[in-house]
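Everything on this sheet refers to the single structure shown next.
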Amino acid sequence: MTSNSTTAGDGPGEATMARRLEVLRARQEAAHASGGPEGLRRHRESGRLPVRERVDLLLDPGTWFEIGALALPELRREKPIPGDAVVTGFGLLDGRRVGVIGIDSSVVAGTTAPISMRKQGRLIEHAQRHGFPLVLLCDADGGRMPDVSGWRFSGLPLDFTTFLKPRPGEPVVPRAAAVLGPSYGDSALHASTAHFVVMVRGGSIALSGPSVVEPAIGEKVTDAELGGPAAATEAGNAHLVVETEGDAMDAIAAFLSYLPQNSSQRAPVAPPLPPLRDPRDLESIVPLGARSGYDMRDVFACLADEASVLPWADDWGGSLLCALARIEGRPVGLIGNQPIVRAGALDPAALAKERTFVQLCDTFGLPLVFLHDVPGLMIGTQAERGGILRGYEELVSAIAEATVPKIGVVLRKAYGGGHFAMGGRPTKPDFLYAWPSAELGFMAPETGIRTIHRRRLERVLAEEGPEAHAALVEQLTAEWVSEAEPWEAAAHLSLDDIIEPARTREVVAASIDITLGGQT
C-alpha cells in the first residue's frame, strides 16, 4: 500500500528531501544569528560591528565561502552558541584568495572552546597547505569556562606545528590581524603570529584580560591600560592604529598588496608612479649639521612612489622607521634612522623592530633599502639591561643572512655598530652608496676625540686653560671629520659610489633592477 504523506519520517523521495532542506535552512539561519537580537544590540552599542559585517567590509562582494557554520560547542548550554563563536571561510580580497577567521564576540564574548579552536585550526591548515594569506579578525575575551577547565585544557586541539607557523617545507603565508575589540587568549596568540597587526583605538590586546589579571595578581587595570593602543604599540604588539573598523580593513588590504600569496611566489609589481616629493628636495631636507634634526618620512616621500608608503610600527623603537613602499612600482622595505628621536641612535626596541621587519621582507622577497643617518647604538645601563648586545647580534645576523637585494645609502652619519646595524659592508649589501655629506667611522667626533685624546685634553686644560682646550677640541674635531668623509671609503671600494642626493631614487631603483636580473 502506498502513501502520499509528506512527513519527515517517510521513505526516500522529493517530499522527504524538501523537509530536510527546510531543516538545513533553519539551522543555517540559526547559525547566522550570532548573539541574537539582544547580543547583537549590546555588541553594536559598544561601537563594534557584527563579525559577518566585518567580513563583508574586508572581502570583494559576493566572494565569501564559509565553512564550519553549523559547528556547536562540546558543552551545550540553554542559550545557543552559533558556530561556537567563530566564523571561518575563504574569499577574494582585491581579486586574490585569502582565508578569514573572525571571532564572533556578540555571543559569549567570543570566548574560545575546543570546537572553535578546531575550526580555526582547520582554516589555518587550508591556508598554509594551499598557499594563500590569512586574515585574523580578533575580538575575544579568552578561554571559555568550563569548556577549557581542568583536564579539558590539556586536550585542546591546538597544534603548534600548524597554528603558529607552517610545517617544514611549506611556504610561509602572510598573516594580517585586526584587533577590533578586547583581544585576549587565542585572539592575542593570533595577533602574535601576524606579520602585520592593525588595531582600532577602542581595541586592546594582551595575554589575559583584566578579569583574569586582578584575581591572579591583584592588579586592577582597564583594557586600555593593559593592552590599548599606547601599550600595544610601545610593546611592538601592534604596527598601526586606526580610527574605524573600515580603516582597519583598508590597512589589511594595503599590507597584503605588497606581498605575494606565499613565500614561494614573487611580490606583485604595480604600475610605476612618480614620488610624492621631488627627489631634488633631498638636498634641502637633510641638513649638513650632524646635530640638526629632520623627519626621515620626508626622505621616504622623495624615494617612494606616491601614496605607496605604509608605516610599520612607527611607535615601537621610534628612533628607526620602517615602511612598506613601492619604487617604480616594485614593493620594497624602507628602513631609515629617525633623527628627531634620540638623534636616530638604535636602542633595544629599535633593533628588535628592524630585525622583525628585515625578516618579513626577506621571507616574502621584498628588496631592502637602508637609509643611514645613525650616530651609533645606545649605551649605558638601561640599554644593556634591555638586551642591546643580543639584539645587535641577532639583527646583524638577520641582515647578513637575508637573500633579498640589499641597497644602502649613507645620507649623513653612520658611526660604529649603528652603521653595521643599518646594513653596512660586513652585512653584505649588494650596493652601498653615500652622499657627499656622509660621515663614517668607529664613533662620532664628539665622543671619539674625548675618548682617544682624553689625557691630552685634560693636560691642555690644566696647563693652558679653557681657550687652549677649546681650540684643541676644534682642531681634533676637524681632523676627525676630515678622516670620516666618504672619499677614501669610495677610493678603497668600501662604497660603490658617492651620489648626488637628487639621484637617490634613480640609483636605488637601478640597483634593485640589477640585483633582480630584470625580473618583474
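Things to note:
- Taken together, the criteria place R459 among residues that are surrounded by fewer than 23 Cβ atoms within 10 Å (Cβ to Cβ) and outside the structural domain of R330 (by TED's automatic domain parsing).
- Summed over the stretch 422-479, residues that are small (G, A, S), part of a helix (DSSP H, G or I) and under 43 Å from the mean Cα position of the chain (by Cα) total 2.
- Some residue of the stretch 247-265 being crowded, with 21+ Cβ neighbours inside 10 Å, in contact (Cβ under 8 Å) with a residue 40 or more places away in the chain, out of contact with any Cys (no Cβ under 9 Å at 6 or more places or on another chain) and acidic (D, E): no
- Candidate set from the stretch 122-152 (those that are surrounded by fewer than 13 Cβ atoms within 10 Å (Cβ to Cβ) and at pLDDT below 80); member that is farthest from G209 (Cα to Cα): W151
- Screening the stretch 216-239 for residues that are aliphatic (A, V, I, L, M) and buried (at least 23 other Cβ atoms within 10 Å of the Cβ) and picking the one that is farthest from A194 (Cα to Cα) gives A232.
- Selection over the stretch 193-215 of residues that are in contact with a helix residue (DSSP H, G or I) (Cβ under 8 Å, 6 or more places away or on another chain) and either buried (at least 17 other Cβ atoms within 10 Å of the Cβ) or closer than 19 Å to G317 by Cα (or both) gives a count of 14.
- Scan of the stretch 14-56 for residues that are charged (D, E, K, R) and touching a strand residue (DSSP E or B) at 6+ places or on another chain (Cβ under 7 Å), ordered by number: R48, R52, R54
- Looking at A69, A109, just one residue is over 22 Å from G202 (Cα atoms) and of a type in the set (G, A, S), and that residue is A69.
- Elements of type helices (runs of 4 or more DSSP H) in the stretch 1-72, at least 3 residues being surrounded by 15 or more Cβ atoms within 10 Å (Cβ to Cβ) and at pLDDT 95 or above: 51-58
- Matching option when the condition is in the same structural domain as D247 (by TED's automatic domain parsing), farther than 22 Å from S257 by Cβ, touching a residue at least 12 places away in the same chain (Cβ under 8 Å) and β-branched (V, I, T), among T112, T63: T112
- Filtered residue count, the stretch 287-319, keeping only those that are in contact with a helix residue (DSSP H, G or I) (Cβ under 7 Å, 6 or more places away or on another chain) and assigned to a loop (DSSP other than H, G, I, E, B): 8
- Only one of the listed residues (H372, H419) is in a helix (DSSP H, G or I), in contact with a helix residue (DSSP H, G or I) (Cβ under 9 Å, 6 or more places away or on another chain) and closer than 19 Å to V299 by Cβ. That residue is H419.
- Residue tally, condition at negative phi and without any contact (Cβ under 8 Å) to a residue 40 or more places away in the chain, over the stretch 468-512: 19
- G365 vs. criteria at positive phi, touching a residue at least 40 places away in the same chain (Cβ under 8 Å) and either of a type in the set (A, V, I, L, M) or outside the structural domain of G236 (by TED's automatic domain parsing) (or both): yes
- Criterion applied to K406, K428 was being at pLDDT 95 or above and surrounded by fewer than 22 Cβ atoms within 10 Å (Cβ to Cβ), and the one residue passing it is K428.
- Residue match in the stretch 425-433 (condition: of a type in the set (A, V, I, L, M, F, W, C), on the phi < 0 side of the Ramachandran plot and in the same structural domain as G329 (by TED's automatic domain parsing)): yes
- Only helices (runs of 4 or more DSSP H) whose full extent lies in the stretch 165-282 are considered here, and the ones with at least 2 residues that are under 18 Å from C138 (Cα atoms) and either within 13 Å of the chain's Cα centre (by Cα) or modelled with pLDDT of 95 or more (or both) are 186-193, 229-234, 245-257.
- The residues of the stretch 243-280 that are under 19 Å from A325 (Cα atoms) and in contact with a helix residue (DSSP H, G or I) (Cβ under 6 Å, 6 or more places away or on another chain), listed by number, are M249, S263, P275, L276, R277, P279.
The values are calculated or read from the model by the stated rules, or taken from the named source; none is laboratory data. Everything numeric here is computed off the predicted structure, so don't read it as measured data. Note: ideal-geometry Cβ built from the backbone for every residue, glycine included; neighbour counts use all protein chains shown.
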